[in-house]
1. In segment 100-130, how many residues are buried (at least 19 other Cβ atoms within 10 Å of the Cβ) and among the aromatic types (Phe, Trp, Tyr)?
2. Identify all residues within segment 121-141 that are under 13 Å from VAL164 (Cα atoms) and not in a loop (DSSP other than H, G, I, E, B); write none if there are none.
3. Answer yes if at least one residue in segment 92-99 is assigned by TED's automatic domain parsing to the domain that holds ASP145, outside any loop (DSSP other than H, G, I, E, B), within 16 Å of the chain's Cα centre (by Cα) and surrounded by fewer than 13 Cβ atoms within 10 Å (Cβ to Cβ), and no otherwise.
4. Between residues in segment 171-190 that are outside any helix (DSSP H, G or I) and residues that are of a type in the set (Asp, Glu), which pairs lie under 7 Å by C-beta distance while being six or more apart or on different chains?
5. Pull up segment 74-91, narrow it to residues that are in a loop (DSSP other than H, G, I, E, B) and out of contact with any helix residue (DSSP H, G or I) (no Cβ under 9 Å at 6 or more places or on another chain), then point me to the one that is surrounded by the fewest Cβ atoms within 10 Å (Cβ to Cβ).
Amino acid sequence: MKERMMMTKKKVFIAACVTLVAACTYQLGHLDGSAGKESRLIGETIAAESPPEISPVKARARDFYAPNSEDLAPDEMRLIACGTGMPTVRPKQAASCWLLELGNGDKFIFDVGTGSSERIAAMQIPYNYLDKVFLSHLHTDHFGDLDALFVGGALAGRQKPLRVWGPSGDTPERGTKYALEHLRKALTWDLDGRAGITDPRV
């Protein structure tokens, strides 16, 4: 019985010594002395594995594609989907809108559905180049943001008339001309107020 107790104490003592040595080895591997500083070896390892600093002013290669960020050759064209959704737009998907850019500088917008004017503005293309719009039909998910492109473009510096092409309709009141004339009337207060014709506070 006495020998068994001695053996147990011996095992406990050995286990405690092994634990203490392991703890000291771990501590020495991470600290240099008692001041709590990183050891030189660990510090050098971290420095070697850290990514290089990125300059806040120097350009660097992109790791993603950004629309309208590449030059076009004279014989090239680029088609950008500014919107592919339905009338009930979502935060990440506007309604139908396509921007076609040609290498000679011409740009054409095909449909300008609800929510798409924000996508167009995000590309920071001067609005003087965005003066040609083609409407496939007169559902709001295909021309619902035409008013924003019309007024917003003028405020943002477009000095050309906004030209719009679209279907004539089976009757005049279902055609593009009728829709645009009444859209212009609906914007009377907005346009006259900005032109100083009326008091916008009224």
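The values are calculated or read from the model by the stated rules, or taken from the named source; none is laboratory data. None of the values given here were measured: they were computed from a predicted structure. Ideal geometry is used to build each Cβ from the backbone, glycine not excepted, and the neighbour counts take in all protein chains shown.
1. So the count comes out to 1.
2. Of everything in segment 121-141, those that are under 13 Å from VAL164 (Cα atoms) and not in a loop (DSSP other than H, G, I, E, B) turn out to be LYS132, VAL133, PHE134.
3. No, every residue in segment 92-99 fails to be assigned by TED's automatic domain parsing to the domain that holds ASP145, outside any loop (DSSP other than H, G, I, E, B), within 16 Å of the chain's Cα centre (by Cα) and surrounded by fewer than 13 Cβ atoms within 10 Å (Cβ to Cβ).
4. Within 7 Å, the pairs are LEU187/ASP147.
5. The residue in question is PRO91.
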